[in-house]
Amino acid sequence: MFYLKVIDMHCDTIMRIFTSTANLAENNLQIDLEKMRQGDYLLQNFAIFLDKEAEDSPYQTAKAMINCFYQQMEQYSQIIRPVTRYEEIIQNDQQHILSALLTMEEGAPLEGNVEKLAEFYQLGVRMLTLTWNYTNEIGFPNARYWNSETQTLSSQQGLTKRGIEIAQAMNELGMIIDVSHGSDQLVEDVLTHTTAPFVASHSNARACFPHFRNLPDSLIKKIADRGGVIGLNFSEDFLRTRQQKLPLINQLVTHAIHMKNIGGIDVIGFGSDFDGIPVSHELPDATIFPTIYDAFQKAGFTTSEIEKIFHQNVLRLYKELLI
(Lines give C-alpha, C1' and ligand atoms only; values in the text may rest on other atoms or scores of the structure.)
Protein backbone atom coordinates (compact mmCIF):
# COMPACT_ATOMS: atom_id res chain seq x y z
CA MET A 1 0.00 0.00 0.00
CA PHE A 2 1.21 3.51 -0.81
CA TYR A 3 1.18 5.88 2.17
CA LEU A 4 0.81 9.58 1.46
CA LYS A 5 2.65 10.81 4.58
CA VAL A 6 1.35 14.34 4.11
CA ILE A 7 3.35 17.30 5.36
CA ASP A 8 1.40 20.56 5.41
CA MET A 9 3.51 23.66 6.01
CA HIS A 10 0.74 25.99 7.15
CA CYS A 11 -2.58 26.08 9.00
CA ASP A 12 -4.27 28.47 11.44
CA THR A 13 -5.97 25.82 13.58
CA ILE A 14 -4.33 26.88 16.85
CA MET A 15 -5.75 30.37 16.41
CA ARG A 16 -9.22 28.85 16.00
CA ILE A 17 -8.81 26.70 19.10
CA PHE A 18 -7.34 29.61 21.10
CA THR A 19 -10.38 31.78 20.36
CA SER A 20 -13.03 29.08 20.95
CA THR A 21 -13.85 25.99 23.01
CA ALA A 22 -12.68 23.62 20.25
CA ASN A 23 -9.97 21.02 20.79
CA LEU A 24 -7.54 19.35 18.44
CA ALA A 25 -8.91 15.82 18.80
CA GLU A 26 -12.18 16.32 16.95
CA ASN A 27 -13.88 19.54 15.94
CA ASN A 28 -15.82 21.25 13.15
CA LEU A 29 -12.69 22.94 11.82
CA GLN A 30 -10.70 21.95 8.75
CA ILE A 31 -8.02 20.19 10.78
CA ASP A 32 -8.31 17.85 13.74
CA LEU A 33 -6.54 14.64 14.68
CA GLU A 34 -9.18 12.37 13.19
CA LYS A 35 -9.16 14.27 9.89
CA MET A 36 -5.36 14.12 9.87
CA ARG A 37 -5.51 10.35 10.28
CA GLN A 38 -7.95 10.08 7.40
CA GLY A 39 -5.70 12.31 5.29
CA ASP A 40 -2.65 10.14 6.13
CA TYR A 41 -0.58 12.95 7.67
CA LEU A 42 3.01 12.71 8.79
CA LEU A 43 3.39 16.28 10.06
CA GLN A 44 1.41 19.50 10.37
CA ASN A 45 2.96 22.93 10.84
CA PHE A 46 0.79 24.78 13.36
CA ALA A 47 1.11 28.55 13.03
CA ILE A 48 0.75 31.04 15.83
CA PHE A 49 -1.19 33.72 13.95
CA LEU A 50 -2.55 37.01 15.23
CA ASP A 51 -3.81 40.25 13.71
CA LYS A 52 -1.35 42.75 15.16
CA GLU A 53 -3.75 45.64 14.56
CA ALA A 54 -6.28 43.96 16.89
CA GLU A 55 -3.83 43.19 19.72
CA ASP A 56 -2.63 45.41 22.55
CA SER A 57 0.46 43.21 22.91
CA PRO A 58 1.20 40.83 20.01
CA TYR A 59 4.15 39.52 22.05
CA GLN A 60 2.01 38.46 25.01
CA THR A 61 -0.77 37.10 22.80
CA ALA A 62 1.72 35.00 20.84
CA LYS A 63 3.06 33.51 24.07
CA ALA A 64 -0.47 32.70 25.23
CA MET A 65 -1.19 30.98 21.90
CA ILE A 66 2.01 28.96 22.25
CA ASN A 67 0.79 27.81 25.66
CA CYS A 68 -2.47 26.76 23.97
CA PHE A 69 -0.48 24.74 21.43
CA TYR A 70 1.45 22.89 24.13
CA GLN A 71 -1.71 22.24 26.16
CA GLN A 72 -3.20 20.51 23.11
CA MET A 73 0.03 18.57 22.52
CA GLU A 74 0.09 17.38 26.13
CA GLN A 75 -3.57 16.43 26.14
CA TYR A 76 -3.24 14.29 23.01
CA SER A 77 0.37 13.14 23.34
CA GLN A 78 -0.52 9.55 22.48
CA ILE A 79 -1.57 10.75 19.03
CA ILE A 80 0.56 13.80 18.19
CA ARG A 81 3.78 15.29 19.58
CA PRO A 82 5.71 18.51 18.97
CA VAL A 83 9.02 18.33 17.16
CA THR A 84 11.97 20.67 16.78
CA ARG A 85 14.42 18.31 15.03
CA TYR A 86 14.27 16.11 11.95
CA GLU A 87 15.11 12.99 13.97
CA GLU A 88 12.01 13.50 16.13
CA ILE A 89 9.80 13.45 13.02
CA ILE A 90 11.26 10.10 12.00
CA GLN A 91 10.96 8.68 15.52
CA ASN A 92 7.32 9.73 15.76
CA ASP A 93 6.55 8.16 12.40
CA GLN A 94 8.16 4.89 13.47
CA GLN A 95 5.89 4.91 16.54
CA HIS A 96 2.81 5.83 14.44
CA ILE A 97 2.64 9.21 16.16
CA LEU A 98 1.78 12.39 14.24
CA SER A 99 4.24 15.29 14.39
CA ALA A 100 3.52 18.97 14.99
CA LEU A 101 5.97 21.76 14.13
CA LEU A 102 5.34 25.10 15.85
CA THR A 103 5.57 28.12 13.54
CA MET A 104 4.66 31.79 13.73
CA GLU A 105 2.81 33.78 11.07
CA GLU A 106 3.53 37.51 11.49
CA GLY A 107 6.79 38.81 12.92
CA ALA A 108 5.20 41.56 15.01
CA PRO A 109 5.52 39.65 18.34
CA LEU A 110 9.30 39.99 18.00
CA GLU A 111 8.92 43.79 18.24
CA GLY A 112 12.00 44.03 16.03
CA ASN A 113 14.05 42.38 18.75
CA VAL A 114 16.62 39.63 18.08
CA GLU A 115 16.47 38.62 21.75
CA LYS A 116 12.74 37.93 21.43
CA LEU A 117 13.49 35.86 18.31
CA ALA A 118 15.80 33.73 20.45
CA GLU A 119 13.09 33.49 23.12
CA PHE A 120 10.53 32.18 20.63
CA TYR A 121 13.13 29.73 19.32
CA GLN A 122 13.60 28.44 22.87
CA LEU A 123 9.81 28.04 23.06
CA GLY A 124 9.97 25.72 20.04
CA VAL A 125 9.16 28.00 17.11
CA ARG A 126 11.07 26.70 14.10
CA MET A 127 9.57 28.72 11.23
CA LEU A 128 8.63 32.39 11.04
CA THR A 129 6.50 34.05 8.36
CA LEU A 130 8.23 37.44 8.38
CA THR A 131 5.13 39.54 7.68
CA TRP A 132 1.40 39.09 7.38
CA ASN A 133 -0.56 41.69 5.39
CA TYR A 134 0.74 44.66 7.42
CA THR A 135 4.08 46.36 7.50
CA ASN A 136 6.00 45.44 10.65
CA GLU A 137 9.49 46.00 12.09
CA ILE A 138 10.87 43.25 9.82
CA GLY A 139 9.55 44.28 6.43
CA PHE A 140 6.80 45.00 3.95
CA PRO A 141 4.00 42.81 2.53
CA ASN A 142 2.76 42.55 -1.04
CA ALA A 143 -0.73 43.51 0.20
CA ARG A 144 0.56 47.07 0.59
CA TYR A 145 1.54 47.40 -3.07
CA TRP A 146 -1.11 45.51 -5.08
CA ASN A 147 -3.34 47.38 -7.53
CA SER A 148 -6.43 45.17 -7.90
CA GLU A 149 -7.64 47.04 -11.00
CA THR A 150 -4.44 46.60 -13.01
CA GLN A 151 -3.40 43.42 -11.14
CA THR A 152 0.12 44.79 -10.82
CA LEU A 153 2.50 45.69 -8.01
CA SER A 154 3.86 49.19 -7.52
CA SER A 155 7.46 49.92 -6.56
CA GLN A 156 8.16 48.13 -3.29
CA GLN A 157 10.19 48.04 -0.12
CA GLY A 158 11.42 44.75 1.31
CA LEU A 159 13.31 43.98 4.51
CA THR A 160 14.06 46.80 6.92
CA LYS A 161 17.54 47.16 8.41
CA ARG A 162 16.27 45.42 11.52
CA GLY A 163 14.60 42.81 9.32
CA ILE A 164 17.92 41.95 7.70
CA GLU A 165 19.42 41.43 11.18
CA ILE A 166 16.52 39.18 12.18
CA ALA A 167 16.66 37.15 8.96
CA GLN A 168 20.39 36.59 9.41
CA ALA A 169 19.87 35.67 13.08
CA MET A 170 17.27 33.12 11.96
CA ASN A 171 19.90 31.48 9.76
CA GLU A 172 22.29 31.34 12.72
CA LEU A 173 19.65 29.89 15.07
CA GLY A 174 18.29 27.35 12.64
CA MET A 175 14.82 28.90 12.33
CA ILE A 176 13.33 28.63 8.85
CA ILE A 177 12.48 31.88 7.06
CA ASP A 178 9.02 31.95 5.47
CA VAL A 179 8.41 34.65 2.85
CA SER A 180 4.69 34.06 2.20
CA HIS A 181 2.83 37.39 2.42
CA GLY A 182 6.10 39.30 1.96
CA SER A 183 6.63 41.73 -0.89
CA ASP A 184 8.51 40.54 -3.96
CA GLN A 185 11.32 42.86 -2.87
CA LEU A 186 11.33 41.24 0.57
CA VAL A 187 11.97 37.86 -1.07
CA GLU A 188 14.78 39.39 -3.12
CA ASP A 189 16.25 40.87 0.07
CA VAL A 190 16.12 37.48 1.83
CA LEU A 191 17.98 36.00 -1.15
CA THR A 192 20.58 38.78 -0.94
CA HIS A 193 21.20 38.84 2.81
CA THR A 194 20.87 35.17 3.86
CA THR A 195 22.39 31.88 2.77
CA ALA A 196 20.11 29.05 3.98
CA PRO A 197 17.21 27.56 2.01
CA PHE A 198 13.85 29.08 2.93
CA VAL A 199 10.17 28.57 2.18
CA ALA A 200 7.06 30.29 0.95
CA SER A 201 4.89 28.10 3.14
CA HIS A 202 1.51 28.88 1.56
CA SER A 203 1.79 30.59 -1.84
CA ASN A 204 0.93 29.69 -5.44
CA ALA A 205 2.09 30.73 -8.93
CA ARG A 206 1.18 34.23 -10.13
CA ALA A 207 1.47 33.17 -13.78
CA CYS A 208 -1.45 30.76 -13.20
CA PHE A 209 -3.56 33.26 -11.27
CA PRO A 210 -2.70 36.95 -10.73
CA HIS A 211 -2.93 37.50 -6.98
CA PHE A 212 -0.39 39.40 -4.87
CA ARG A 213 -0.03 36.37 -2.57
CA ASN A 214 1.21 34.24 -5.47
CA LEU A 215 4.83 34.19 -6.60
CA PRO A 216 6.20 35.37 -9.97
CA ASP A 217 8.22 32.89 -12.02
CA SER A 218 11.48 34.68 -11.25
CA LEU A 219 11.07 34.11 -7.51
CA ILE A 220 9.86 30.52 -7.91
CA LYS A 221 13.09 29.82 -9.78
CA LYS A 222 15.28 31.62 -7.24
CA ILE A 223 13.66 29.87 -4.26
CA ALA A 224 14.15 26.56 -6.06
CA ASP A 225 17.79 27.36 -6.83
CA ARG A 226 18.34 28.11 -3.12
CA GLY A 227 16.92 24.67 -2.25
CA GLY A 228 13.69 26.05 -0.80
CA VAL A 229 10.12 24.78 -0.96
CA ILE A 230 6.84 26.48 -1.90
CA GLY A 231 3.64 25.18 -0.29
CA LEU A 232 0.57 25.06 -2.53
CA ASN A 233 -2.21 27.13 -0.93
CA PHE A 234 -5.77 25.71 -1.08
CA SER A 235 -7.59 29.06 -0.94
CA GLU A 236 -9.94 29.62 -3.86
CA ASP A 237 -8.86 33.29 -3.83
CA PHE A 238 -5.36 32.24 -4.92
CA LEU A 239 -6.48 29.59 -7.43
CA ARG A 240 -9.34 31.04 -9.50
CA THR A 241 -11.97 33.77 -9.61
CA ARG A 242 -15.33 33.06 -7.99
CA GLN A 243 -16.88 33.09 -11.47
CA GLN A 244 -14.61 30.41 -12.92
CA LYS A 245 -15.93 26.86 -13.01
CA LEU A 246 -12.58 25.07 -13.17
CA PRO A 247 -12.41 22.52 -10.33
CA LEU A 248 -10.20 23.70 -7.49
CA ILE A 249 -8.25 20.45 -7.38
CA ASN A 250 -7.50 20.80 -11.09
CA GLN A 251 -6.34 24.37 -10.48
CA LEU A 252 -4.11 23.17 -7.66
CA VAL A 253 -2.56 20.66 -10.05
CA THR A 254 -2.15 23.38 -12.69
CA HIS A 255 -0.13 25.50 -10.25
CA ALA A 256 2.00 22.46 -9.37
CA ILE A 257 2.69 21.71 -13.04
CA HIS A 258 3.74 25.32 -13.60
CA MET A 259 6.03 25.32 -10.55
CA LYS A 260 7.59 22.07 -11.75
CA ASN A 261 8.23 23.59 -15.18
CA ILE A 262 9.79 26.73 -13.69
CA GLY A 263 11.64 25.48 -10.61
CA GLY A 264 11.65 21.70 -10.85
CA ILE A 265 9.79 19.06 -8.86
CA ASP A 266 11.92 19.61 -5.72
CA VAL A 267 10.44 23.06 -5.01
CA ILE A 268 6.81 21.93 -4.52
CA GLY A 269 5.08 21.12 -1.24
CA PHE A 270 1.77 21.82 0.49
CA GLY A 271 0.68 24.78 2.63
CA SER A 272 -3.07 24.34 2.75
CA ASP A 273 -3.83 27.41 4.93
CA PHE A 274 -6.65 25.35 6.47
CA ASP A 275 -8.60 27.20 9.17
CA GLY A 276 -7.29 30.46 7.76
CA ILE A 277 -9.27 30.33 4.49
CA PRO A 278 -12.96 30.10 3.57
CA VAL A 279 -14.18 26.50 3.50
CA SER A 280 -14.80 25.12 0.02
CA HIS A 281 -16.68 21.89 -0.56
CA GLU A 282 -14.07 21.05 -3.22
CA LEU A 283 -11.09 21.24 -0.84
CA PRO A 284 -12.96 21.04 2.45
CA ASP A 285 -10.47 19.80 5.04
CA ALA A 286 -7.55 17.53 5.87
CA THR A 287 -9.34 14.42 4.61
CA ILE A 288 -8.97 15.57 0.99
CA PHE A 289 -5.38 14.47 0.41
CA PRO A 290 -6.12 10.98 -0.98
CA THR A 291 -8.33 12.70 -3.58
CA ILE A 292 -5.51 15.17 -4.34
CA TYR A 293 -3.15 12.23 -4.80
CA ASP A 294 -5.52 10.77 -7.40
CA ALA A 295 -5.68 14.13 -9.21
CA PHE A 296 -1.89 14.39 -9.39
CA GLN A 297 -1.68 10.82 -10.68
CA LYS A 298 -4.29 11.48 -13.37
CA ALA A 299 -2.35 14.61 -14.41
CA GLY A 300 0.70 12.48 -15.17
CA PHE A 301 2.83 12.97 -12.08
CA THR A 302 4.82 9.83 -11.27
CA THR A 303 4.65 8.15 -7.87
CA SER A 304 8.13 9.41 -7.01
CA GLU A 305 7.16 12.97 -7.97
CA ILE A 306 4.00 12.79 -5.86
CA GLU A 307 6.02 11.52 -2.89
CA LYS A 308 8.30 14.53 -3.25
CA ILE A 309 5.35 16.94 -3.27
CA PHE A 310 3.49 15.22 -0.43
CA HIS A 311 6.40 14.97 2.01
CA GLN A 312 9.91 14.34 0.71
CA ASN A 313 10.74 17.90 -0.40
CA VAL A 314 9.83 19.38 2.99
CA LEU A 315 11.54 16.52 4.84
CA ARG A 316 14.72 17.21 2.88
CA LEU A 317 14.59 20.84 3.98
CA TYR A 318 13.88 19.91 7.60
CA LYS A 319 16.70 17.37 7.61
CA GLU A 320 19.10 20.12 6.56
CA LEU A 321 17.83 22.89 8.83
CA LEU A 322 16.18 21.31 11.88
CA ILE A 323 19.25 20.00 13.65
Working note, the chain: Cα radius of gyration (Å, one decimal) and Dmax (Å, whole number) are 18.0, 52
Check: C-alpha center the range 147-174 vs C-alpha center the range 226-299, spacing in Å is 25 Å
Karplus ³J(HN,Hα) for the range 224-241 (6.51 cos²θ - 1.76 cosθ + 1.60, θ = phi - 60°; Hz, whole; x = Gly/Pro) runs 4, 4, 7, x, x, 9, 10, x, 4, 8, 8, 5, 4, 5, 9, 10, 6, 7
Hits in the range 168-212: amide N under 17 Å from the 7 Å Cα→Cβ extension of residue 143, namely 178-187, 201-204, 211-212
With the 1.4 Å probe rolled over protein heavy atoms, the range 111-203 has an accessible area per residue in Å² of 39 Å²
For residue 198, other-chain or 5+-apart residues with amide H closer than 5 Å (H placed, Pro excluded) are 228, 229
If exposed means chymotrypsin sites (Phe, Trp or Tyr not before Pro) lying in a DSSP loop and surrounded by at most 14 other beta carbons within 10 Å, then the longest stretch of the chain lacking such sites spans residues 4-323
Over the chain, the sum of -39500 (n - 2.57) across DSSP H runs of at least four, divided by residue number and rounded to 500 deg cm²/dmol, gives at 222 nm -11000 deg cm²/dmol
Partner aspartates and glutamates whose C-alpha sits under 19 Å from that of residue 221, ignoring same-chain residues fewer than 8 away, are 178, 184, 188, 189, 266, 305
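When N is the residue count of the range 93-147, what does its C-alpha Rg come to as a fraction of 2.2 N^0.38 Å?
Rg over 2.2 N^0.38 Å, computed on Cα atoms: 1.45.
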One quarter of the C-alpha convex hull surface, i.e. the mean projected area of the range 137-222 in nm², amounts to 5.4 nm²
Rounded to two decimals, the Debye log10 I(q)/I(0) of the range 182-323 (Cα scatterers, no solvent) at q = 0.11, 0.14 Å⁻¹ is -0.38, -0.62
Computed over the range 218-264, the Cα gyration tensor eigenvalues, each multiplied by 5 and square-rooted, give semi-axes in Å (largest first) of 23, 10, 8
For the chain, the percent of accessible surface on carbon and sulfur atoms (probe 1.4 angstrom, ligands and nucleic acids excluded) is 47 percent
For residue 52, the lysines lying under 29 Å Cα to Cα, once residues fewer than eight places off in the same chain are dropped, come out as 63, 116, 161
For 283, 173, the accessible-area ranking with a 1.4 Å probe, largest leading, is 173, 283
Loop-resident GluC sites (Glu not before Pro) in the range 145-189 with no more than 14 other Cβ atoms inside 10 Å, DSSP not H/G/I/E/B, are 149
Looking only at lysines whose Cα falls under 17 Å of residue 298's and that sit 8 or more positions away or on another chain, we get 260, 308
Heavy-atom accessible area of residue 246, protein chains in place, probe 1.4 angstrom, given in Å² to nearest 10, is 90 Å²
Along principal axes, largest first, the alpha-carbon spread of the range 10-66 in whole Å comes out as 39, 22, 15
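The values are calculated or read from the model by the stated rules, or taken from the named source; none is laboratory data. None of these values were measured; they are calculated from a predicted model. Don't worry about glycine lacking a Cβ; one is built from the backbone with ideal geometry, like all the others, and counts go over all protein chains shown. Surface areas here come from the heavy atoms of the whole protein model, side chains and all, with no ligands, DNA or RNA. Shrake-Rupley method; radii C 1.70, N 1.55, O 1.52, S 1.80 Å.
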